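What follows is one structure encoded as structure tokens, with my remarks underneath.
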Amino acid sequence: MGCSSSKRVDAAAIADVYRPAPASFTVFDINSIQEPWIVVDSTAHQQKPTHVPAKILEKLNSLEAAEEPAPPHSWDEVSKALEDLKPTFQPKPVTPKLGPIQQSPPPAAQESLVVPKKPNLGNSKSFHTLEELDAKLSPKPTVLRKTESTRSELKKSDSKSELRSPLVDGAGEPAKSVKENIFIVRDRLEREKEGKLANIEKILAIKRDPLSEYPQKCPPGGADTVVIYTTSLQGVRRTYEDCNRVRAILELHRVAYDERDVSFHGGFLSELKELLAAEEEVGPRVPRVFIKGRYVGGAEEVAELNDSGRLGRILCRTGVERGVGRLGCQGCGGARFVPCLECGGSCKVAAEGGDKVRCTKCNENGLVHCPTCF
Ligand SMILES: [Zn+2]
Ligand SMILES: [Zn+2]
């Protein structure tokens, strides 16, 4: 192009020529100015090469030199031609943004040369913060609007659409960036870590001592064995069946358990009451199972443990006594009690005067501890 030669003209001279007071140009319709941009472009380019990103310079130069697609003739065309460059340099730090605006407008605005500078600064700042601080998107809109307003009409229409889009994108970003905030992320990771550690410790503790998760409640003399409180009364069918269920499960594992039948001996019921005072408000119910001084639960809990296979592991690890235990006792058959020989189970014995008094040897049921196994 003929004008391309003007590039080589002394830059300073041109700058002088094309730097009139901005006010003098405000009356012009920018679109009506024919091709001054080429001259100005080269001026601006040579004048402040540092402000113009290489990409845009190249683009402009190529546009200028291009024969095939006719070089742009109006500002619309220029901005269109530069449009594809914008997305790439917008996200980049300050300078790229400065460049395009100063570079392309100057031609348009040798006139507005002075004016655009301010907006440009603001603009670049806003993008700068977007880039580097990520989270500070809110101040941006205002800055951008200012920028737009001070721009020439042409620029406005183009830049608005372009600047808005990052804005809209940006609107979504704060939420994201808050989530990705390093402190929040770190905090979350630490919590997860702590949670995992706690879980692992719990699991290890349970592995070391499978009973560790059960409350420590030791029936008298039950620190080293399995104690079950049951009843042989069939008053409440469910209770009776539960007792049988627990017994059956323990026998399946061949555990030498210590059965304490509360219907045989009131002392057992008191024991149980005391043990479970904190656990049960309604008063103790049977069956209740204690393994090595830990309260495991009732029939439901034991059945569940048995079904999951944990009961076997617990019994193995705790090394409870196996065998028939008291069930093999010749004297009581596992009942722990035998009828009182003193009173024959009637709890009454003849006193000296022929009166009948309470037998002192047996319990309220006329039973005494089995002399063989107790
Ligand atoms: Zn016995
Ligand atoms: Zn007696």
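The values are calculated or read from the model by the stated rules, or taken from the named source; none is laboratory data. All of these numbers come straight from a predicted model, not from anything done at the bench. Here Cβ is always computed from backbone atoms with ideal geometry, including for glycine, and neighbour counts include all displayed protein chains. Calculation scope for accessible area: heavy atoms of the full protein, side chains included, ligands and nucleic acids excluded. Shrake-Rupley method; radii C 1.70, N 1.55, O 1.52, S 1.80 Å.
Every residue, every condition in (1) within 49 Å of the chain's Cα centre (by Cα); (2) hydroxyl-bearing (Ser, Thr, Tyr), yes or no:
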position: 259; (1), (2): yes, no
position: 263; (1), (2): no, yes
position: 274; (1), (2): yes, no
position: 289; (1), (2): yes, no
position: 298; (1), (2): yes, no
position: 302; (1), (2): yes, no
position: 333; (1), (2): no, no
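Spot the failing condition for residue 319; the list is (1) of a type outside the set (Val, Ile, Thr); (2) under 18 Å from residue 211 (Cβ atoms); (3) modelled with pLDDT of 90 or more, and only one is missed.
Every condition holds for residue 319 apart from (3).
Would it be correct to say that residue 333 is within 16 Å of ligand 2 (Cβ to nearest atom) and not in a helix (DSSP H, G or I)?
Working: within 16 Å of ligand 2 (Cβ to nearest atom): no; not in a helix (DSSP H, G or I): yes.
No.
Yes or no: residue 261 open to solvent by 40 Å² or more (accessible area, probe 1.4 Å) and either of a type outside the set (Phe, Trp, Tyr) or within 16 Å of ligand 1 (Cβ to nearest atom) (or both)?
For residue 261, the condition - open to solvent by 40 Å² or more (accessible area, probe 1.4 Å) and either of a type outside the set (Phe, Trp, Tyr) or within 16 Å of ligand 1 (Cβ to nearest atom) (or both) - is not met.
What about residue 368, is it more than 16 Å from ligand 1 (Cβ to nearest atom), of a type in the set (A, V, I, L, M, F, W, C), on the phi < 0 side of the Ramachandran plot and open to solvent by less than 70 Å² (accessible area, probe 1.4 Å)? Steps first, please.
Numbers: more than 16 Å from ligand 1 (Cβ to nearest atom): no; of a type in the set (A, V, I, L, M, F, W, C): yes; on the phi < 0 side of the Ramachandran plot: yes; open to solvent by less than 70 Å² (accessible area, probe 1.4 Å): yes.
When the stated conditions are applied, residue 368 does not pass them.
If I go through region 273-325 residue by residue, how many of them are of a type in the set (Val, Ile, Thr), outside any loop (DSSP other than H, G, I, E, B) and in contact (Cβ under 8 Å) with a residue 60 or more places away in the chain? Spell out how you get there, then give the answer.
At the first step, the residues of region 273-325 found to be of a type in the set (Val, Ile, Thr) are 282, 286, 289, 291, 296, 302, 314, 318, 320, 324.
Of the ones still in play, those that are also outside any loop (DSSP other than H, G, I, E, B) are 289, 291, 296, 302, 314, 318.
Among the residues that remain, those that are also in contact (Cβ under 8 Å) with a residue 60 or more places away in the chain are: 289, 291, 296, 314, 318.
The number of residues fulfilling the criteria is 5.
Hey, can you tell me all the residues within region 338-355 that are hydrophobic (A, V, I, L, M, F, W, C), more than 11 Å from ligand 2 (Cβ to nearest atom) and either under 60 Å from the mean Cα position of the chain (by Cα) or open to solvent by 60 Å² or more (accessible area, probe 1.4 Å) (or both)? Break it down stepwise before answering.
Step one: list which residues in region 338-355 are hydrophobic (A, V, I, L, M, F, W, C), which gives 338, 340-341, 343, 347, 349-351.
When the remaining residues are screened for being more than 11 Å from ligand 2 (Cβ to nearest atom), the result is 350-351.
Within region 338-355, just 350 meets the criteria.
Would you check if there is a residue in region 356-374 being away from ligand 2 (no atom under 16 Å from the Cβ), closer than 30 Å to residue 207 by Cα and assigned to a loop (DSSP other than H, G, I, E, B)? Step through it out loud before you land on a result.
Keep residues of region 356-374 that are away from ligand 2 (no atom under 16 Å from the Cβ), which gives 372-373.
From what's left, closer than 30 Å to residue 207 by Cα: none.
No, because not a single residue in region 356-374 is away from ligand 2 (no atom under 16 Å from the Cβ), closer than 30 Å to residue 207 by Cα and assigned to a loop (DSSP other than H, G, I, E, B).
Name the one entry in 222, 195 that is open to solvent by less than 90 Å² (accessible area, probe 1.4 Å) and under 20 Å from the mean Cα position of the chain (by Cα).
Details: 222 fails: under 20 Å from the mean Cα position of the chain (by Cα).
Checking each option against the conditions leaves just 195.
So is residue 267 over 24 Å from residue 205 (Cβ atoms), within 16 Å of ligand 2 (Cβ to nearest atom), open to solvent by 20 Å² or more (accessible area, probe 1.4 Å) and not aromatic (Phe, Trp, Tyr) or not? Let's see the steps before the verdict.
On the way: over 24 Å from residue 205 (Cβ atoms): yes; within 16 Å of ligand 2 (Cβ to nearest atom): yes; open to solvent by 20 Å² or more (accessible area, probe 1.4 Å): yes; not aromatic (Phe, Trp, Tyr): yes.
Here the answer is yes, as residue 267 does meet what is asked.
Looking at (1) part of a loop (DSSP other than H, G, I, E, B); (2) under 18 Å from residue 217 (Cα atoms), which one does residue 270 not meet, given that it meets all the others?
(1)
When the residues of region 319-331 are filtered to those that are surrounded by 13 or more Cβ atoms within 10 Å (Cβ to Cβ) and under 60 Å from the mean Cα position of the chain (by Cα), which remaining residue is nearest to ligand 1 (Cβ to nearest atom)?
Kept after step one, since they are surrounded by 13 or more Cβ atoms within 10 Å (Cβ to Cβ), are these residues of region 319-331: 320-321, 325-327, 329, 331.
Pick out the ones that are also under 60 Å from the mean Cα position of the chain (by Cα) and you get 320-321, 325-327, 329.
Numbers: 320: 19, 321: 16, 325: 10, 326: 6, 327: 9, 329: 3 Å.
Step by step, filter region 319-331, then rank; the result is 329.
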